[in-house]
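Trainee: The structure under discussion is supplied below as structure tokens; questions concerning it will follow.
The values are calculated or read from the model by the stated rules, or taken from the named source; none is laboratory data. Note that the coordinates shown come from a computational prediction; the quantities given were computed from them, not determined experimentally. Neighbour counts are summed over all protein chains in view; Cβ atoms, including those assigned to glycine, are modelled from backbone coordinates with ideal geometry. The accessibility values were calculated without ligands, DNA or RNA, using every heavy atom of the protein model including side chains. Shrake-Rupley method; radii C 1.70, N 1.55, O 1.52, S 1.80 Å.
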Amino acid sequence: ELDDPAVRGAASARGGDYVVRGAASLPRGGGKHKGIAPRELATIVVADLAPHGMLPLAWAFGVKRGTGWVPATGLVVAFASASAYTLFLSAKLAETGSRRAAPALSELWRGAKLPLPRAVDATVATLCGGCCVFYAAFAADLFHALVKGSLGWSRAEVLAALTAAPLAPLCLGDDLSALKYSSLAGLAGIAYTAAFIARNGAANGFAALPVWRVGPGTLVLANTLVVAFLCHYNAVQYYRELARKFRNPRTYARAVSAGAALTALVFGCTLFGGAAAFGGDAMPNVLNNFGTGPGATLARLGTGVAILSGFPLMFAGLKAALDGAAPGWTAVKWRRRLTHAGALAGPAAGA
């Protein structure tokens with residue numbers, strides 16, 4: 001049952017899917033988009049988590065006298081497991097709760113009959129919007145540094161070009177079907193960057209890393225990992241986007257667990273590789289510790305591709321939150337598209 005009167009008049013459930021009348025919502029039964037497979041969801045989870053999480057971990061490992069590699073490994077495993085399990089719980093709640101027009105996190109809030117669900121949408125929109133600004137700024141700085149010598153473009157021109165393509169087509173689509181392909185490109189960039197950092201750490205050796213140390217820095221590392229394993233703004237959307245034959249909490253749990261495990265492997269490479277290479281001198285962006293050699297330049301390019309693949313996933317959480325906060329407004333197709341286009345222009349202007 002749809003609890004919000006504005007949504008009740010705008011949405012209808014059809015065979016486990018949902019549509020918004022007059023709008024291109026997601027997913028749509030009977031359309032071209034047939035949903036994503038569990039394997040594709042696993043790669044999307046990595047593309048969502050790794051870009052914003054992999055670079056500051058070496059710094060967090062060494063800050064305030066550092067953390068031992070044993071408790072650090074335990075923290076990575078614990079937060080990866082907690083992330084996968086809470087995503088699974090979100091799917092369970094989404095399966096038993098109401099099917100709203102927008103796949104927003106507030107759907108779970110409403111299903112539990114908790115107050116102020118639109119405050120949840122506002123919080124998620126603020127979080128995802130802020131992260132989109134960070135992603136846009138990071139990508140603009142990175143690609144401007146790569147092309148300014150050859151093309152002579154300003155940073156603003158680089159950001160405008162990136163917003164026009166590839167971000168706008170990927171961000172303003174009606175479902176995640178296109179993102180499963182861009183996520184593969186991001187995955188390649190993530191894999192190269194993680195391998196590059198790990199190889200440099202291995203060249204220095206891991207013997208100097210502390211083993212059991214626990215202290216104030218451990219709290220910094222734990223806090224960094226909490227944020228690094230956060231993609232729950234898309235929890236409901238990821239579940240709804242699974243192809244119908246795969247759409248059950250158990251299959252979803254296997255997919256997100258695989259994604260969390262692969263992400264934990266990436267984080268282990270960047271955390272311990274960066275710590276072994278630079279120790280307490282590791283920067284919040286560990287790539288800034290490297291010079292301008294071809295390997296480091298390619299790692300920066302790979303990270304840029306990963307950021308560009310992760311941006312639409314973060315933006316998907318922003319879109320869902322905006323749709324959940326104003327279901328009556330976004331039930332009309334042109335207003336929904338206008339809202340999303342304006343939301344995309346915001347990070348581009350703010351970065």
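Trainee: Suppose we keep only residues that are part of a helix (DSSP H, G or I) and touching a Gly at 6+ places or on another chain (Cβ under 8 Å) within segment 246-265. Which one would you say is least open to solvent (accessible area, probe 1.4 Å)?
Mentor: Restricting to residues being part of a helix (DSSP H, G or I) and touching a Gly at 6+ places or on another chain (Cβ under 8 Å), the top hit is Thr263.
Trainee: Keeping to segment 176-230, report how many residues are exposed (fewer than 14 other Cβ atoms within 10 Å of the Cβ) and among the basic types (Lys, Arg).
Mentor: The number of residues fulfilling the criteria is 1.
Trainee: Out of Ser183, Ser177, which single residue is of a type outside the set (Phe, Trp, Tyr), more than 17 Å from Ala351 (Cα to Cα) and in contact with a Ser or Thr (Cβ under 8 Å, 6 or more places away or on another chain)?
Mentor: Ser183
Trainee: Please list, ordered by residue number, the helices (runs of 4 or more DSSP H) wholly in segment 270-351 having 1 or more residues that are aliphatic (A, V, I, L, M).
Mentor: 294-325, 333-350
Trainee: For segment 37-135, please list each of the helices (runs of 4 or more DSSP H) lying entirely inside it that holds at least 1 residues being aromatic (Phe, Trp, Tyr) and surrounded by 19 or more Cβ atoms within 10 Å (Cβ to Cβ).
Mentor: 57-62, 69-96, 106-111
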